[in-house]
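All remarks here apply to the structure that follows.
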Amino acid sequence: MLNKNSWNDYNYKVLNNMIETHGSRGEDKNFVVTDWDNTAASFDVEENVLLYQILNVKFAFEPSDVEEVLLHEIEDVPAIISKLVAKIKSCYEFLYEHRGDMNLKDTQEYRDFTAGFAYFYYTYVNSLEYGLSSRKFLHVFYKMTEDELRRTAREGIAYFKNFDERSMNFEIEIEGELLRTTVQTGLREIPEQVDLINTLRKNNIDVYVCSASCKVVVEEFATSTAYSFKREEVSAMVPLKDGQGRYTLELDESTLTYLQGKAKYMRTMEEKYHRPPLLYMGDSRGDYYALTYPALKYALIVDRDDFELLEELKEKARNKDFEDVIYLLQGFDKSEGKFIDR
């Protein structure tokens, strides 16, 4: 039995019944797939790791690479963004030249670099088409080795795990225009999900993560906490490496796990298990095609925000209007990053 915690009564009953009905003792296993950020765990691990990189100017690329990294794949760049990128490059040149100086954080160049980089990613990139936005967050790992990225991810996760502040605010002036952005900070385990995932395993139901973030970054969170995932149980995006083992700006096309890519992953797992997934859990428009996967038995939606693509599914959950899939809607406190019983 699951711990009740903040599951609503209906979800608690259905999930317990699901486990009792579909658990097994033999090789004839069912499996479950979950999104990671704001579904299995609270807040966005990739965005928090990037913020750690920004605050500590922790990048492997050189100043001459800035335009290539930031504008890769982006067409029709707005004039204000072009000017912002030029400012970021100028500040990065200064910080790169004087790296190792303990007083750099007191400089205007540092303040402009952090504010500019934060605005570029958390406001501008997040406004782009969903797939492009997802890919852009992996470009910041350009020229890192896998070991360097794992170390950076572990540092960023440790820094923001249970972070006291809920957000950080940045502003930068570009030719008279003030650009402001707010970044949600903090990483938290969700007790209900830790309990659910481990209870599924105890009942011989396998659990996998399918995320539109970077695989290495998600792995470092998912494997080092009470979720106890193994690396091979995490599917997410992977940048290609060059001949020296350093990440490039290109991604492994087979790992594009967003939108239809999540459904593609589930098809692969269905072929492996010779049955469709028992349950998928997600929270955003990027999960739509997974939440509507054919022959899925249960789908849990973390009610984090109003995403147009998910509204029809949320209405089914609210009205218990089920055909083949039982939809569950779980309340979520966006500011605290925790489940709420509603």
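In table form, for the structure just shown:
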{"quantity": "Qualifying position, being at pLDDT below 95 and either farther than 29 Å from residue 282 by Cα or out of contact with any helix residue (DSSP H, G or I) (no Cβ under 6 Å at 6 or more places or on another chain) (or both), among 28, 9", "calculated": "28"}
{"quantity": "Hits in the stretch 91-102 - residues which are under 15 Å from residue 120 (Cα atoms) and over 29 Å from the mean Cα position of the chain (by Cα)", "calculated": "none"}
{"quantity": "Candidate set from the stretch 180-225 (those that are assigned to a helix (DSSP H, G or I) and among the basic types (Lys, Arg)); member that is farthest from residue 335 (Cα to Cα)", "calculated": "202"}
{"quantity": "Failed criterion for residue 44 (all others in (1) in contact with a Lys or Arg (Cβ under 7 Å, 6 or more places away or on another chain); (2) under 30 Å from residue 335 (Cα atoms) hold)", "calculated": "(1)"}
{"quantity": "Index of the failed condition, residue 108 passing every other in (1) modelled with pLDDT of 95 or more; (2) surrounded by fewer than 17 Cβ atoms within 10 Å (Cβ to Cβ); (3) closer than 21 Å to residue 49 by Cβ", "calculated": "(3)"}
{"quantity": "Residue satisfying all of: in the stretch 1-52; assigned to a helix (DSSP H, G or I) and within 10 Å of the chain's Cα centre (by Cα); nearest to residue 160 (Cα to Cα) among these", "calculated": "48"}
{"quantity": "Scan of the stretch 60-86 for residues that are surrounded by 17 or more Cβ atoms within 10 Å (Cβ to Cβ) and under 20 Å from residue 126 (Cα atoms), ordered by number", "calculated": "66, 69, 70, 81, 84, 85"}
{"quantity": "Residues of the stretch 119-140 classified as more than 19 Å from residue 57 (Cβ to Cβ), open to solvent by 30 Å² or more (accessible area, probe 1.4 Å) and of a type outside the set (S, T, N, Q), total", "calculated": "4"}
{"quantity": "Pairs with Cβ under 8 Å, 6+ apart, first in the stretch 94-117 and at negative phi, second in a loop (DSSP other than H, G, I, E, B) and open to solvent by 60 Å² or more (accessible area, probe 1.4 Å)", "calculated": "96/62; 104/98"}
{"quantity": "Cross-chain or 6+ apart pairs with Cβ under 6 Å, the stretch 314-329 first and aromatic (Phe, Trp, Tyr), then open to solvent by less than 90 Å² (accessible area, probe 1.4 Å)", "calculated": "327/299; 327/313; 327/316; 327/317"}
{"quantity": "Which listed residue, of 64, 90, 24, is among the small types (Gly, Ala, Ser) and touching a strand residue (DSSP E or B) at 6+ places or on another chain (Cβ under 8 Å)", "calculated": "24"}
{"quantity": "Criterion (surrounded by fewer than 19 Cβ atoms within 10 Å (Cβ to Cβ), hydroxyl-bearing (Ser, Thr, Tyr), under 22 Å from residue 197 (Cβ atoms) and touching a residue at least 24 places away in the same chain (Cβ under 8 Å)) met by exactly one of 273, 280", "calculated": "273"}
{"quantity": "Qualifying residue in the stretch 37-52 (condition: open to solvent by 10 Å² or more (accessible area, probe 1.4 Å) and either among the basic types (Lys, Arg) or without any contact (Cβ under 8 Å) to a residue 12 or more places away in the chain (or both))", "calculated": "no"}
{"quantity": "Pair list, Cβ < 8 Å and 6+ apart or interchain, from the stretch 3-17 residues that are over 15 Å from residue 327 (Cβ atoms) to residues that are of a type in the set (Val, Ile, Thr)", "calculated": "6/340"}
{"quantity": "Lone unmet requirement of (1) within 23 Å of the chain's Cα centre (by Cα); (2) at pLDDT below 90 for residue 324", "calculated": "(1)"}
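Table: residues versus (1) crowded, with 23+ Cβ neighbours inside 10 Å; (2) touching a Leu at 6+ places or on another chain (Cβ under 9 Å).
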| residue | (1), (2) |
| --- | --- |
| 209 | yes, no |
| 222 | yes, no |
| 231 | no, no |
| 236 | yes, no |
| 246 | no, no |
| 251 | no, yes |
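The values are calculated or read from the model by the stated rules, or taken from the named source; none is laboratory data. Since the model is a prediction, treat every value here as computed from it, not as a measurement. Positions of Cβ are backbone-derived with ideal geometry, glycine not excepted, and every protein chain shown enters the neighbour counts. Surface accessibility is based on the protein's heavy atoms, side chains included, excluding ligands, DNA and RNA. Shrake-Rupley method; radii C 1.70, N 1.55, O 1.52, S 1.80 Å.
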